[in-house]
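Trainee: This is the structure, below, for whatever I ask next.
The values are calculated or read from the model by the stated rules, or taken from the named source; none is laboratory data. Being a predicted model, the structure only gives us computed values, none of them experimental. Virtual Cβ from ideal backbone geometry, glycine too; neighbours counted across all protein chains shown. Calculation scope for accessible area: heavy atoms of the full protein, side chains included, ligands and nucleic acids excluded. Shrake-Rupley method; radii C 1.70, N 1.55, O 1.52, S 1.80 Å.
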Amino acid sequence: MPIISVPQEFNEEKLYVDLEPVVGHGLYLKCEGFNFAGSIKLKAATAMVEAAEQEGRLRPGSILVESSSGNLGVALSMIASNRGYRFVCVTDSRCNLATRRLMEALGSEVHVITEPNAGGFLGARLDHVRELCAGDSRYLWLNQYANPNAWKAHFRTTAPAIAEQFPRLDVLFVGAGTTGTLMGCARWFRQYRPQVRVVAIDAVGSVTFGAPPGRRLIPGLGTGVVPEIFDRSYIDEVVFVEEADAIVACHRLAARGFLFGGSTGTVVSGAASWLDRNDAGNLTSVTIAPDLGERYLDTVYQTNWVQELYGDVLSTERVDKTLVA
């Protein structure tokens, strides 16, 4: 029976969903949403805060500030509340309402950017963070896009945990957002299990892999500015997924009783399409579900929102063709 004194001490590391009945291939989904922050971002948030404390950069009176599309903001809100820091999350209008309310419930201040700049919404968010830091020396920007602790957290935990459960793993699919999870896992497998193929899953419209920028409305995966911690040399292959296909994948999983977030729909859709093209029937593969679906009830799982932005993507014909019935 786990007994904890601070919320970040608990994280379920060994829960997987067998997706073969859904996608028709040997694909296992690592569920990272079962902690008090509700997402995999708890690992990076904890690592960055602890490193800042150990280095003496984070002290009583400091104000944490970070740009986040949602999940890291919730994780930092929880840790800041527990440790007695103020926290300001700079997000944008794509952030789910439920996520913003969670951060505010935990005592954080949320700044919502409503207009993109040349670097998209992310570029505008980063400019706002820099302005806050320039105007008040109490602000400390952890900067998940450049902070090596964001990927080191997954090098120490996520990657070896997957390898322990799947010693004969063939392919690992990892979503590319701020690329902390991707780089931590890719670096670990390159060093310790180089035979494992690491395939990044990115959203159409993301610039991380050099593609042109485009509209992206589902928070979590993709970016408008290439993160400094990203290193393409560790990635074997990349698959791009349309947001409409990510939504369909989410609904197919929900039809089986599994409610996951938009990033999970993206990685499952991308992994399924890659396996359709490459699987000879004997590959063992894993992908990662960064969070659960309750924060997406007003977007991905709201029929009017989906129809207004993506049309009739949830038609029975399209859903049946996207994943195995």
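Trainee: Check Gly180 against each of (1) of a type outside the set (Lys, Arg); (2) at negative phi; (3) out of contact with any helix residue (DSSP H, G or I) (no Cβ under 6 Å at 6 or more places or on another chain) and name the one condition it does not meet.
Mentor: Result: Gly180 fails condition (3) only.
Trainee: OK, next. Output the residues belonging to the range 182-205 that are touching a Lys or Arg at 6+ places or on another chain (Cβ under 8 Å) and closer than 18 Å to Ile40 by Cβ.
Mentor: Gly184, Val198, Ala203
Trainee: With the checklist (1) at pLDDT below 95; (2) surrounded by 15 or more Cβ atoms within 10 Å (Cβ to Cβ); (3) farther than 26 Å from Glu13 by Cβ in hand, flag the one item Arg295 doesn't pass.
Mentor: With respect to (1) at pLDDT below 95; (2) surrounded by 15 or more Cβ atoms within 10 Å (Cβ to Cβ); (3) farther than 26 Å from Glu13 by Cβ, Arg295 is out only on (3).
Trainee: If you don't mind, there's one more thing I want to ask. Filter the range 52-85 for residues that are open to solvent by 10 Å² or more (accessible area, probe 1.4 Å), outside any loop (DSSP other than H, G, I, E, B) and either among the charged types (D, E, K, R) or in contact (Cβ under 8 Å) with a residue 24 or more places away in the chain (or both) and give the result.
Mentor: Result: Glu53, Asn71, Met78, Ser81, Asn82, Arg83.
Trainee: Another question, if that's okay. What's the number of the only condition in (1) under 26 Å from Glu12 (Cβ atoms); (2) without any contact (Cβ under 8 Å) to a residue 40 or more places away in the chain that Ser273 fails to meet?
Mentor: (1)
Trainee: I'm checking my understanding of the structure. Among residues of the range 157-204 that are charged (D, E, K, R) and touching a residue at least 24 places away in the same chain (Cβ under 8 Å), which one is nearest to Asp245 (Cα to Cα)?
Mentor: Top of the filtered list is Asp202.
Trainee: What single numbered condition from (1) touching a helix residue (DSSP H, G or I) at 6+ places or on another chain (Cβ under 9 Å); (2) aliphatic (A, V, I, L, M); (3) surrounded by fewer than 16 Cβ atoms within 10 Å (Cβ to Cβ) fails to hold for Leu169?
Mentor: The one condition Leu169 does not meet is (3).
Trainee: Considering each of Leu42, Leu29, Leu72 in turn, give the residue that is modelled with pLDDT of 95 or more and either hydroxyl-bearing (Ser, Thr, Tyr) or more than 20 Å from Val286 (Cβ to Cβ) (or both).
Mentor: Leu72
Trainee: Quick check on Val90: is it closer than 19 Å to Asp291 by Cβ, at pLDDT 95 or above and buried (at least 16 other Cβ atoms within 10 Å of the Cβ)? Full working, then the answer.
Mentor: Details: closer than 19 Å to Asp291 by Cβ: no; at pLDDT 95 or above: yes; buried (at least 16 other Cβ atoms within 10 Å of the Cβ): yes.
Against the criterion (closer than 19 Å to Asp291 by Cβ, at pLDDT 95 or above and buried (at least 16 other Cβ atoms within 10 Å of the Cβ)), Val90 does not qualify.
Trainee: Taking the range 203-244 as the search range and keeping residues that are over 20 Å from Tyr301 (Cβ atoms) and assigned to a helix (DSSP H, G or I), which one is least open to solvent (accessible area, probe 1.4 Å)?
Mentor: By that ranking, first place goes to Tyr234.
Trainee: Filter the range 147-165 for residues that are open to solvent by 30 Å² or more (accessible area, probe 1.4 Å) and in a loop (DSSP other than H, G, I, E, B); which is nearest to Leu42 (Cα to Cα)?
Mentor: Thr157
Trainee: Can you pull out every residue in the range 284-299 that is touching a strand residue (DSSP E or B) at 6+ places or on another chain (Cβ under 6 Å) and under 15 Å from Phe166 (Cβ atoms)?
Mentor: Within the range 284-299, Ser285, Val286, Thr287, Ile288 qualify.
Trainee: Could you give me the residue pairs with C-beta distances under 7 Å whose first residue belongs to the range 92-109 and is part of a loop (DSSP other than H, G, I, E, B), whose second residue is among the hydroxyl-bearing types (Ser, Thr, Tyr) and surrounded by fewer than 19 Cβ atoms within 10 Å (Cβ to Cβ) wherever it lies, and which are 6+ apart or on separate chains?
Mentor: Matching pairs, first to second residue: Ser93/Thr114; Leu106/Ser81; Gly107/Ser81.
Trainee: If you take the residues in the range 115-134 that are open to solvent by 70 Å² or more (accessible area, probe 1.4 Å) and farther than 14 Å from Thr91 by Cα, which one is nearest to the chain's Cα centre (by Cα)?
Mentor: Ala118
Trainee: Please enumerate the residues belonging to the range 1-44 that are touching a residue at least 40 places away in the same chain (Cβ under 8 Å), part of a helix (DSSP H, G or I) and open to solvent by less than 20 Å² (accessible area, probe 1.4 Å).
Mentor: Residues satisfying the conditions are Val22, Val23, Ala44.
Trainee: Hey, another quick one. Take the range 166-181 and flag every residue that is aliphatic (A, V, I, L, M) and under 21 Å from Lys43 (Cα atoms).
Mentor: Hits for the range 166-181 are Leu172, Val174, Ala176.
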